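Report on the structure given below.
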Amino acid sequence: MTDEIQFQEIHDKAAAYAKAYAQREYLDEFKRSKLSILMKEFEPEHKTSAAQEREARAHPDYLALLDGLKAAVEESERLRWDLKIAEMQFEAWRTHAANQRAERQRYGA
């Protein structure tokens with residue numbers, strides 16, 4: 001494997017991870033907004049904020065958002081580990097190449 005191919009693989013994985021991480025963060029922030037929006041919907045029926053929040057957290061839209069957040073976290077973590085593994089493979093390759101160079105120098109090859 002050449003340096004260029006390994007750098008490209010790491011670059012591609014980093015880009016995919018960044019996109020997945022951004023989606024994860026967006027959904028995490030939107031979760032708060034969605035909760036507020038749903039609580040406002042339940043304001044006429046339920047006077048206390050605790051009752052509004054209870055209803056909002058049980059709403060199908062909020063539960064769907066949580067499922068989406070779960071998937072985004074899973075994808076983000078999978079890509080983060082793919083990136084780490086690619087980096088470790090690159091470092092192992094570099095060490096192996098350095099060892100080969102040192103061995104060639106010892107034997108005058």
Qualifying residue in the range 97-104 (condition: closer than 11 Å to Lys13 by Cβ and without any contact (Cβ under 8 Å) to a residue 40 or more places away in the chain): no
Check on Glu74, free of Cβ contacts under 8 Å to residues at least 12 places away in the same chain and touching a helix residue (DSSP H, G or I) at 6+ places or on another chain (Cβ under 8 Å): no
Test: residue in the range 86-95 that is under 21 Å from the mean Cα position of the chain (by Cα), closer than 28 Å to Ile5 by Cβ and of a type outside the set (A, V, I, L, M, F, W, C): yes
Residue match in the range 1-15 (condition: out of contact with any strand residue (DSSP E or B) (no Cβ under 9 Å at 6 or more places or on another chain), touching a residue at least 24 places away in the same chain (Cβ under 8 Å) and not in a helix (DSSP H, G or I)): yes
Residue selected from the range 3-52 under the condition among the polar types (S, T, N, Q) and surrounded by fewer than 16 Cβ atoms within 10 Å (Cβ to Cβ), by the criterion modelled with the lowest pLDDT: Gln8
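The values are calculated or read from the model by the stated rules, or taken from the named source; none is laboratory data. In this text the structure is predicted, and so the values were computed from the model without any measurement. Cβ atoms come from the backbone with ideal geometry, glycine included; neighbour counts cover every protein chain shown.
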